[in-house]
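Peer 1: This is the structure I have questions about; it appears just below.
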Amino acid sequence: MKKMISLAAMFAALSYASPASAALNISGDASTRLRGEFNNTETAAGVKTTLNDDLKYQYKVRLKAAADLGDGYFFKALIANEGYVAGSSPGWATVNLNNSETFALQVSNFYFGHATADCHYSIGRLPLNSFNNPIFDITLYPIPGPNGFGVKTYAVDVPVTQWNFDRIYGANYGTKVGNGDLNATLIVLDNHSVTENTAALADGLFNDGYGLHVSYKTNIGDVTIDPQAIIILTDALGGTYSRITPYSFGTNVSIPAGKSKIGLSGFYTGCKDSNGLSSATGADAKVDYSGYLVRLKGESGAAMAWVDYNHTTDKTAATEVKYNNLFVWAQYTFKLHESSNGTFNVVPTIRYRASGQDDATGTARNNQLRTELYANVTF
């Protein structure tokens, strides 16, 4: 709490800096969440287990800073919590015994650069907007497996937003091309090359995990299309496999329908690497997997819902394994207050995931239902 107060005081002091310095604008948001969580599993042999149902009281606060440096130059940052408590969600504090939990703020993302009417560039920890763009989810989580927090994570339920804090380090350049916007971002995924070059590690000066994300967003009549591709350029460290260079491509489509909007997304990912490595065992692996994720999304006034379906086939091991994930997110926003100074909303939400794993032994299932009630303010 002291750290949070100190950061807020620092931002307040900077925002009242002299006219000779850059104008710093401070904004942010705060949320509380009442979450009910219900899980059940079924083994390939048909043994069913209903895990303990749980009710959690959670909250988070974020601060945003933006500075106009003049002549198109800018700086932006997001200050947020990135802690994780077992059984909770990253970035959210869960009420603990006698309210003994802590909530520390850190620099979650930051970037600076230059923007004009026709082009822009920036560098830093860049925000991804992955909540509305599942190409990052299918690229980083094609196969259900542990993430950096040791929790099994799926390509659905916006894992990059939840577990990777919706940002990545990189350098971006965008420009007008024809009637659309072309963007290219060189991203740094990991620090794989930490020793001198060795035959065992295949390390090298430029063999950290580099990738390239390219998109072109344009309109065809009233329809917005956003084709994209991600290419991993060097051996990267993955959650399930390492020393791999996967690729992904597809598009987002937005179709207006009166006062409503329909969104369609479809992305494919694939990887074939004879020099791969199992992240779990450390054994060499001839990695061979492919998968796709499709999304149908609808927005109408205060209501928003989408359905995701993900299928991935992993042929790396001697026995082929197929993963299927169906996910539904539905919410309704009650606007209690809205003005130029901020908003106050209440948002009931339902999130449901049904997952299956098929192999030679049969089908194992893992299902999760979350009922949530958010109260959000922006300022």
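The values are calculated or read from the model by the stated rules, or taken from the named source; none is laboratory data. Here the structure is a predicted model, which means the values were calculated and not measured. Glycine gets a Cβ as well: all are built from the backbone with ideal geometry, and neighbour counts include every protein chain shown. To get the accessible areas, we keep the full protein, side chains included, count just its heavy atoms, and leave off ligands, DNA and RNA. Shrake-Rupley method; radii C 1.70, N 1.55, O 1.52, S 1.80 Å.
Peer 1: Do the sum for the chain: with -39,500 (n - 2.57) for every DSSP H run of n ≥ 4, divided by all residues, what is the mean residue ellipticity at 222 nm, to the nearest 500 deg cm²/dmol?
Peer 2: -2000 deg cm²/dmol
Peer 1: What does the charge add up to near Lys272, with Lys and Arg as +1, Asp and Glu as -1, over the other residues with Cβ less than 15 Å from its Cβ?
Peer 2: -3
Peer 1: Let me check something: with ligands and nucleic acids excluded, how do Phe165, Phe334 order by accessible area (1.4 Å probe), largest to smallest?
Peer 2: In descending accessible area the options line up as Phe334, Phe165.
Peer 1: Shifting gears a bit: Using the reciprocal of the averaged 1/r over all distinct C-alpha pairs, how large is the Kirkwood radius of the stretch 235-293 in Å?
Peer 2: Averaging 1/r across every pair of different Cα atoms and inverting gives 13.4 Å.
Peer 1: Within the stretch 247-379, what whole-number % of the accessible surface is contributed by carbon and sulfur, with the 1.4 Å probe and all protein chains included in the calculation?
Peer 2: Answer for the stretch 247-379: carbon and sulfur cover 59 percent of the accessible area.
Peer 1: Picking from Ser274, Asn81, Val253, whose Cα lies most toward the positive end of the charge dipole for the chain (charges on Cβ: Lys, Arg +1; Asp, Glu -1)?
Peer 2: After comparing all options, I get Asn81.
Peer 1: Still on this model: Rolling a 1.4 Å sphere over the protein heavy atoms, what is the accessible area per residue of the chain, to the nearest Å²?
Peer 2: 52
Peer 1: Another question, if that's okay. For the stretch 45-114, I need the span (max minus min coordinate) of the C-alpha atoms along each principal axis, in Å, sorted largest to smallest.
Peer 2: Cα spread of the stretch 45-114 along its principal axes, largest to smallest: 64, 38, 13 Å.
Peer 1: Would you work out the charge dipole size for the chain about its Cα centre, treating the Cβ of every Lys and Arg as +1 and the Cβ of every Asp and Glu as -1, and quote it to the nearest 20 debye?
Peer 2: Dipole magnitude for the chain comes out near 880 debye.
Peer 1: Could you give P(r) for the chain, binned at 10 Å from zero, as whole percent values over all Cα-Cα pairs?
Peer 2: With 10 Å bins starting at 0, P(r) equals 5, 19, 30, 29, 14, 3, 0, 0.
Peer 1: Counting only protein heavy atoms and a 1.4 Å probe, tell me what percentage of the stretch 73-230's accessible area is made up of carbon and sulfur.
Peer 2: Result for the stretch 73-230: 60 percent of the exposed heavy-atom area is carbon or sulfur.
Peer 1: Could you tell me the extents of the stretch 221-374's C-alpha atoms along the three principal axes, largest first, rounded to whole Å?
Peer 2: Projected onto its principal axes, the Cα set of the stretch 221-374 covers 57, 37, 29 Å.
Peer 1: What is the distance in Å between the Cα centres of the stretch 76-148 and the stretch 234-310?
Peer 2: So the separation of the two Cα centres works out to 18 Å.
Peer 1: Under a no-solvent Debye model with one identical scatterer per Cα of the stretch 126-259, what's log10 I(q)/I(0) at q = 0.10, 0.11, 0.15, 0.16 Å⁻¹?
Peer 2: One equal scatterer on each Cα of the stretch 126-259 leads to -0.38, -0.46, -0.79, -0.88.
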